Amino acid sequence: MTFATMEMKDRSNRNEPLAYHITFNCYGKHLHGDEEGSVDPQHNLYGNELLPPHKGIEKFEMEAMTQPPYFLDEPRRAVVLHTILEVCKHRGWELIAAHVRSNHVHVVVDAKDKPEKVMKDFKAYASRRLTEAGFDTKDRKRWARHGSTTYKWTPDELNTAIDYVIRGQGDPPMELYEKE
C-alpha cells in the first residue's frame, strides 16, 4: 500500500501526524546488551545503530526478570492481531498495518490519541484477551515495560513505516494486517 492509495484525513494542521509507528516487545525479549541489539532513547530511529552487545548488562537485566520470557505462538499471535483490530474499531482509530511476530508487535495506526495511550490500550486489551482465551493467568507478564512510538509526518515516512512493518520483518510473515 502506498500513501497515495490511502484515504487520509486533511492534514493542513501540521501539528497532527499522518500516523504513528508503534512497536512493543514481549517480556524478556530484546534486553539491553543482548546479541540481537536493543534500543534506548539515543538508539531509537529506524536505520540507526542499535546498542552494542554487552554480556554484563544482559546478565543484569536477566537477573532482574521475575518471570520467564514471553513468546507469542501462532494462536496467541492471532488473538493479539484480532484484539488490535477490535481496539481500533472501538476507539475510532484507523489501523493501517500490523505485524504480530513471536517476540514483538509492529503497528502503524492513525489515531487522535497520543501514541503512548494507543500502545497502552493495545497491550492491556491483548493481555485481557489472552487471559480470557485461557493461554495464561492474569498475572503473567507479556510485554516489555514500554516500546517505541514514532510519528510519521510525511507520505514518505508513512510509506517507509508500512513497508517495514509488512515486508521488513523477515520470513515467514506471521500474523499480518494491511489496509486495503
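Derived scalar couplings between HN and Hα for segment 16-22 equal 10, x, 5, 6, 10, 10, 10 Hz in order, rounded to whole Hz, by the Karplus curve 6.51 cos²θ - 1.76 cosθ + 1.60 (θ = phi - 60°), x for Gly and Pro.
Each peptide in 133-139, 73-79 receives the mean, over its residues, of other Cβ atoms within 10 Å, and ordering these scores from highest gives 73-79, 133-139.
Pairs exceeding a 25 Å alpha-carbon distance, out of 141/179; 29/89; 138/179; 112/138; 117/179; 29/112: 141/179; 29/89; 138/179; 112/138; 29/112.
For residue 135, the amide hydrogen comes within under 5 Å of no other amide hydrogen, counting only partners 5 or more places away or on other chains and with H modelled in the peptide plane.
Let me have the relative contact order for segment 82-127, percent, based on Cα pairs under 8 Å that are six or more residues apart. List each step's numbers first, then the result.
Numbers: 40 pairs, mean separation 17.1, N = 46.
Taking the mean separation of contacting Cα pairs over the length of segment 82-127, I get 37 percent.
Averaging Cα coordinates gives a centre for segment 75-104 and one for segment 109-160; these two points are 8 Å apart. Per-residue Cβ neighbour counts within 10 Å put 94, 86 in the sequence 86, 94, beginning with the fewest.
From most to least packed by mean Cβ count within 10 Å, the peptides 96-108, 141-153, 115-127 give 96-108, 115-127, 141-153. Evaluating 6.51 cos²θ - 1.76 cosθ + 1.60 at θ = phi - 60° for every residue in segment 167-180, the Karplus couplings come out as 10, x, 9, x, 10, x, x, 9, 7, 10, 9, 9, 4, 6 Hz, glycine and proline recorded as x.
Only the coordinates and a few stated rules stand behind these numbers; no lab work does. Computed from a predicted model, the values in this text were never measured in an experiment. Every residue, glycine as well, gets a Cβ built from its backbone with ideal geometry; the counts of neighbours run over all protein chains shown.
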